[in-house]
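Right, one structure below, let's go through it.
The values are calculated or read from the model by the stated rules, or taken from the named source; none is laboratory data. Note that the structure is predicted; figures quoted are calculated from it, not measured. In this analysis, Cβ positions are derived from the backbone assuming ideal geometry, glycine residues included, and neighbour counts consider all displayed protein chains.
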Amino acid sequence: MDFSTTLTINGVTRIITLDDPRVTLLDLLRERLDLTGTKKGCDRGQCGACTVLVDGRRINSCLALAISLDGAEILTIEGVAQGDRLHPVQEAFIACDGLQCGFCTPGQIMSAIALLQEGLAGDDPERVRESMSGNLCRCGAYQGITEAVLKAQKAIDAANRKEVA
Amino acid sequence: MRSFDYVRPATIREAVKAAAESGAAYLAAGTNLLDLMKGDVSRPKRLVDITHIPDLDRIEDLSDRGVRIGALVRNADLANDADFGRRFPAVAEALLSGASAQLRNAATVGGNILQRTRCAYFYDTASACNKRAPGSGCAARAGETRHHAILGWSESCIATHSSDFCVPLVALDAIVEIEGRIGPREVPLEAFHRLPADAPDRESVLEPGEMIIAVRLPAEAAHFAAHARYLKVRDRTSYAFAVVSAAAALRIEAGIIGEARIALGGVALKPWRAREAEHILLGARGDASLFRRAAEAALADAKPSGDNGFKVELARRVVARALALAAAGTPERMPALAGSPFAAASGVPAHG
């Protein structure tokens, strides 16, 4: 039996036919839509490498059935830059050396983008670390990651002030 | 993951009907269930996806000043609801001390209550487990027992219920609203989960096909808002299950404790209410020696289920410290590290 689900992925609405309800959002993105920027780490909700935004909220895409998300808007790492212009969080990760091997980085960046939108951490490094604890980095780039989140927060605040002025 | 039928009911009535046949399971966020299915621990033949049923995701104020939390309210939405957090701060703190931001965005109220134990032997299909395979034995008894029970356990099962959320809920007399083929009913959360006895595969009072539709907190639960905390000792600062946790809530008038609520997490197969410890506090002024006496009463019946004797004294200290934190007053702002014993001094109290 085929199942049909409608998802808007990085701004493009697609009607997707699934031959099996077991397909997770992560496997749909990577194996069927060739959006391999989202990474499969543990596949059990423990590492955060698969983090994407669903209706603006960060979740572990490995623990969500694609069929159940019918109607949702999905944002993945492929959808955050505007052409050649990187997202401020991407720029901050590069500037702060917030990575080494890079495998966890798409998940870190998606999680950080959501963290900034949630607006609960402010400029407190402890709150940033706590809020990023669902994203493991086995290279141990945590210090750079925290600095990147704080730097991106400042960059976005400055851009908003400019806009208001 | 084994194959299953997928159905997506539009109403509670349809859901209950679809879940009536044996082997059916309700799917909410799936943050626990899909993990268990990937590990071949859970093998549902049919998933009844309740996430598209309207109105189950609401937080409603009731006319009696209680609050009703729909089964599909996401952990993050409840924890970050400003009004809810002001009235039930220990519940918000417990929610924020659990899991990760990603999981809290997905995980639901109903799913949290129905989450399965994190006992490693339950997860390991090569190990004996009376909960997963009744009659096969309990590999945990001779195993690694750091996260296992010290209260209410039996020879057949020493697992714990690992919810943080349920701990303050049970302290605050939460009620679980249930819908099933025989109609609606409700059960106090304290009576919802079963202790293992000789049938650890029966985890709650839910009958086959019944679903949780909401949790209610009575109006009285808000009377503790000025003095309510959740304290959780875990093996790392964030994103870990409790080794031991406690919710403490006090109503203090002119320095005298008029009412007290205490519950523990990580110590039993259900959130553990400590009523005798509560009685010890009534009519007294809270101080370290009183809180210690209450903590001793809370753990009076505790006994190690393996190499976890340290948890008994740890639990006493967690209870005493949670009471001291509650007596000092609910902080104005949620601490950066919710529920953490490493949290910095909590600043200005929120309520006079």
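Can you name the residue in segment A:119-144 that is of a type in the set (A, V, I, L, M, F, W, C), within 16 Å of the chain's Cα centre (by Cα) and within 12 Å of chain B (Cβ to nearest Cβ) and, of all such residues, is farthest from A:Ala49 (Cα to Cα)? Per the criteria, the residue is A:Val128.
The residue of segment B:38-61 that is farthest from B:Leu78 (Cα to Cα), among those that are within 13 Å of chain A (Cβ to nearest Cβ), buried (at least 18 other Cβ atoms within 10 Å of the Cβ) and of a type in the set (A, V, I, L, M, F, W, C), is B:Leu47. Based on what the data block shows, is A:Ala81 closer than 16 Å to A:Thr38 by Cα, of a type in the set (A, V, I, L, M) and surrounded by fewer than 19 Cβ atoms within 10 Å (Cβ to Cβ)? Here the answer is yes, as A:Ala81 does meet what is asked. Every condition in (1) crowded, with 16+ Cβ neighbours inside 10 Å; (2) not in a helix (DSSP H, G or I) holds for B:Asp301 except the one numbered (1).
Set side by side, the residues A:Leu26, A:Leu53, A:Leu75, A:Leu18 differ, and just one is closer than 16 Å to B:Thr31 by Cβ, of a type in the set (A, V, I, L, M, F, W, C) and within 14 Å of chain B (Cβ to nearest Cβ), which is A:Leu26. Given the conditions (1) closer than 27 Å to A:Gln117 by Cβ; (2) among the aromatic types (Phe, Trp, Tyr); (3) part of a strand (DSSP E or B), which single one is not true for B:Tyr6? Answer for B:Tyr6: the failing condition is (1).
Give the residues of segment B:1-29 that are at the interface with another protein chain (Cβ under 10 Å from one of its Cβ atoms), of a type in the set (Gly, Ala, Ser) and without any contact (Cβ under 8 Å) to a residue 60 or more places away in the chain, sorted by residue number.
Result: B:Ser3, single match.
For segment A:98-117, state whether one or more residues are part of a helix (DSSP H, G or I), without any contact (Cβ under 8 Å) to a residue 12 or more places away in the chain and either surrounded by fewer than 21 Cβ atoms within 10 Å (Cβ to Cβ) or not assigned by TED's automatic domain parsing to the domain that holds A:Cys50 (or both). Taking every residue of segment A:98-117 in turn, none turns out to be part of a helix (DSSP H, G or I), without any contact (Cβ under 8 Å) to a residue 12 or more places away in the chain and either surrounded by fewer than 21 Cβ atoms within 10 Å (Cβ to Cβ) or not assigned by TED's automatic domain parsing to the domain that holds A:Cys50 (or both). Residues that are under 17 Å from A:Arg57 (Cβ atoms), more than 9 Å from every other protein chain (Cβ to nearest Cβ) and over 10 Å from the mean Cα position of the chain (by Cα) within segment A:102-118 comprise A:Leu116, A:Gln117, listed in sequence order. Of all residues in segment B:96-155, those being free of Cβ contacts under 8 Å to residues at least 24 places away in the same chain, within 14 Å of chain A (Cβ to nearest Cβ) and part of a helix (DSSP H, G or I) number 1. Restricting the search to strands (runs of 3 or more DSSP E) fully inside segment A:12-82 and requiring at least 3 residues that are in contact with a helix residue (DSSP H, G or I) (Cβ under 8 Å, 6 or more places away or on another chain) and closer than 25 Å to A:Gln117 by Cα gives A:51-54, A:57-60.
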